[in-house]
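Below: one structure, written as structure tokens.
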Amino acid sequence: MAETSSITMWVFLIYIVGVFALAGFSHKLLSKKSFLSEYFLGSRGLGTWALAFTFAATSASGGSFGGYPSLIYSYGWVLALWIGSYMIVPLCTMGVMGKRLNQVARKSGAITIPDVLRDRFDSPVLGLVASGTMVFFTISFLVAQFKLGAIIIEDTFNLQSAYAYQISLLIFAVVVVFYTSYGGFRAVVWTDVMQGIVMGAGVLVLIPIVLNKTGGLEKATKTLAQQPPMAITSVPGPDGAKGTFNDLVFHTTATPAPAGIAYLKPEQPSTPLSIQWQANDEQAFAEITMATDADGQVTTTGNDIKQAVQAHSELSSVLKIEFPYKNDKTIKVDDAEVSQGATGVIWFPKDKTEYRFSMIHGHELIFGPGRTNKGRPFHTLGMMLSFFVMWAITGMAQPSTMVRLIAFKDSRTLKRAIITVSIYFGMIYLPLIAIVMAARSVLPVLTPEDSDRAIVLIATRLVSDMSIPYQVLGAIFIAAPFAAVMSTVDSMLLLISSSAVRDVYQRTINPDVTQRRVKIISYTTTAVTGILITVIALYPPDFLQKLIVFSSAGLAASFLFPTLLGIFWKGTTRQGALAAMLGGFFTIVTLFAPTLFGNPRIDLLGLHPSLMGLIASATLGITVSKLTGPPDQTLVRKYFYK
Amino acid sequence: MPGQQQDPPAPDSDLVEDPIYLHTRREAKIILSMWLIAMIYTCTYCYLFGYSTHPSDPAATGPAVSSLVGPLESFDRQPDSITTPLGLGIPDWVFYGVALPWLVCILVSIVFCLTIFKEDDLESVQQVINTTPEGASHG
């Protein structure tokens, strides 16, 4: 990224050195305490700040500083509602199960979530199914996060080599795998605290800068409400490639204007470029038929379309065309950058004959539900309800958050952490909307593919002319997404290795394993898992990419009810818990299965699949428990009576 | 939790239910009720006052606003009707539907933690090597 300064790189390097130092301190502690409990659980000794920040940083994955600002940029204020349930997320995710889960884990001596389930129901089968489910969903998630981490490094250090991605991935992997496997859970928690502070500080610093430099939110909102409609195209290049310089932005400058822009692929070869539009029809799209060669291949480029529209007798007076960010090809002539414009060809996959892009009005960024550039509503009523359930309720059941709930020291720690995280989330998520909305006016137009650069562009562009201390703060903000990715990755990495070492090896294959051997196996497993994921992330298989979108929904649907019923309902049987886990798992896999074949997922009744997964899991858990009850009285006595 | 009246009978009538279990169950019920109230208020308010219908797009799939309710012409909003309370620049429906309840939720979370949440003693809960739960003692 051209905007990256040397200060940013120094901040990045200092940050990474800091992470290594924390891993070193943490490793020293490992030799003084019971290895497994310390390595995977920090000896159940997390204090308030550690619990609060490790919790906040782990749940705020890379998405919080990439995907979320990107969505704010694309859909506007409706994102406040999209993220709205975070107002109660800390209380729900930590308060509902925290204390009880911690108690149950202490009673059983469990150090992982599959461990808890296995002991609560005295069922090795349930423990193994839980481990398998967790690894299945977590690996696909990790591959995506490794990829994201590598892209951030590539962008920040502006690497130009043909192997830039591979080199960045290697740097990312070495850093994360080293400090996670060397330092264990405590290193992960300490870096989470550091990363949590980095993220929070980034937002707090940026608010006054953005509001001051852009004339404030009030002005931005009013201006946006009156902004004329515009359509942003997002067309892939050959074989689905991105960044092929073929996208355009159509601004409406007068009325009547088209309702949108349609690119059509003609059936006949050797067709010239042509434009049809009925000016008297408000709903009419400007239909641009592409030129084709003798073989029927489209030859029209973005530049051709721009010229044709400018030459059109009616459209030329109502549309103005510009190139979105990074979508005009530039070359160097005598050390000066010269724009060549949108030189990329408009590419159609085999079975596609048209692209349609709607004109989005400024006021659509002020009201719900927001619209995609293809014209579809973004946050419908069904999704509104689903997301309120998803963040708060399914958030409870992510193994990476639950494991933190069995690691804290005492009730007072939990209480203070809930208060801290509640305030922290309030300070981050709402202000981020204000930052992006206020800064829109100083940003270039971003296509949906590029919009996840919004926050980095804001941080770099607004502080570039300020003094060095501000630039350092801007650089810290650029490090925030990286910090968020790292804090999610390290936790997931430990989840997988703890499953393998504790649940599979120590408790199933070799219960008499020595402490020394456990140590070696733990280090090795964490490192090997990291290396394996790095290798997969070099060339991520397509199906794995598609699994990512449902990994957190799958984890929630598989783990919430077995755990919740297990700790709060005496009547839960081991068969019921197993049915709840498998029911949630298969419902999610079934509803998301069409995405593996390029089709949209199944939203029954307009609701997100995770809701259906939870309903299926709860129903099966309760019904099967009733049918197979009563549960083992020894276990009921152990976990529910004094 | 489901069917408490059908819970299995206490294994031994002289046993006392674990106080931490009872406290956490009560706290969980209160928290989930608070979540439900927050969801009903925020979603209802925002839907009624923040969602306007949009010019229909021939290529878009599904109705403009919701597949369950459909367009809400009666609640349609025009861009010039937008107000920004307290001059903060936050659209009114976001301010009253999300920002304000968010603030209330933070305060309620703090009050809940300071008054309702019990500081149960977790550190004295005995750890048990759980290889044979039948024979294991409990805390």
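FYI, it's all coordinate maths here, none of it is from the lab. Keep in mind that what you see is a predicted model, and the values were worked out from it rather than measured. Heads up, the Cβs are rebuilt from the backbone with ideal geometry, glycines too, and the neighbour counts pull from every protein chain shown.
When only alpha carbons are used to place a centre, the stretch A:590-642 and the stretch A:139-178 end up 36 Å from one another. Across the stretch A:186-197, coupling constants 3J(HN,Hα) worked out from phi with the 6.51/-1.76/1.60 Karplus curve, θ = phi - 60°, read 5, 5, 4, 5, 5, 5, 4, 4, 4, 5, x, 5 Hz, and Gly and Pro carry x.
Using only Cα atoms and rounding to the nearest 10 degrees, what angle (0 to 90) does helix A:302-311 make with the longest principal axis of chain A? Rounded to the nearest ten degrees, it is 40. Here the relative contact order of chain A, from alpha carbon pairs under 8 Å that lie six or more residues apart, stands at 26 percent. Spatial offset of the stretch A:349-390 relative to the stretch A:291-338 amounts to 26 Å, using the alpha carbon center of each. Shown in residue order for the stretch B:111-120 are the 3J(HN,Hα) couplings computed by the Karplus curve 6.51 cos²θ - 1.76 cosθ + 1.60 at θ = phi - 60°: 4, 4, 5, 7, 10, 8, 5, 8, 7, 5 Hz (x for Gly and Pro). Note that the stretch A:495-597 carries a Kirkwood radius of 16.3 Å, evaluated over its alpha carbons pair by pair. Projected label points at A:Ala201 and A:Asn158, each 7 Å from Cα along the beta carbon direction, are separated by 2.5 nanometres. With Cα atoms as the point set, the radius of gyration and Dmax of the stretch A:549-642 evaluate to 15.0, 54 Å. This ranking places A:Tyr429, A:Tyr86 by how few other beta-carbon atoms lie within 10 Å of each, fewest first, which gives A:Tyr429, A:Tyr86. Taken along its three principal axes, the alpha carbon spread of the stretch A:336-433 comes to 62, 45, 33 Å, from the longest extent down to the shortest. Taking amide hydrogens as placed 1.01 Å from N in the peptide plane, the amide H of A:Arg371 sits under 5 Å from those of A:Phe378, each at least 5 positions away in sequence or on another chain. The label point for A:Ile167 and the one for A:Lys33, both projected 7 Å from the Cα toward the Cβ, are 4.0 nm apart. Computed from point charges on the beta carbon alone (+1 for Lys and Arg, -1 for Asp and Glu), the dipole magnitude for the protein assembly as shown about its Cα centre is near 2560 Debye.
Its alpha carbons give the protein assembly as shown an Rg and a Dmax of 27.4, 92 Å.
Using θ = phi - 60° in the Karplus curve 6.51 cos²θ - 1.76 cosθ + 1.60, the 3J(HN,Hα) couplings for the stretch A:250-256 round to 9, 9, 7, 10, 7, 10, x Hz; x is entered for Gly and Pro. Enter the angle in degrees (range 0 to 90, nearest 10) between the Cα long axis of helix A:515-538 and the first principal axis of the Cα atoms of chain A, meaning the one along which they spread out most. The helix A:515-538 is inclined about 10 degrees to chain A. Against chain A, whose longest principal axis is taken from its Cα atoms, helix A:468-498 shows a tilt of about 50°.
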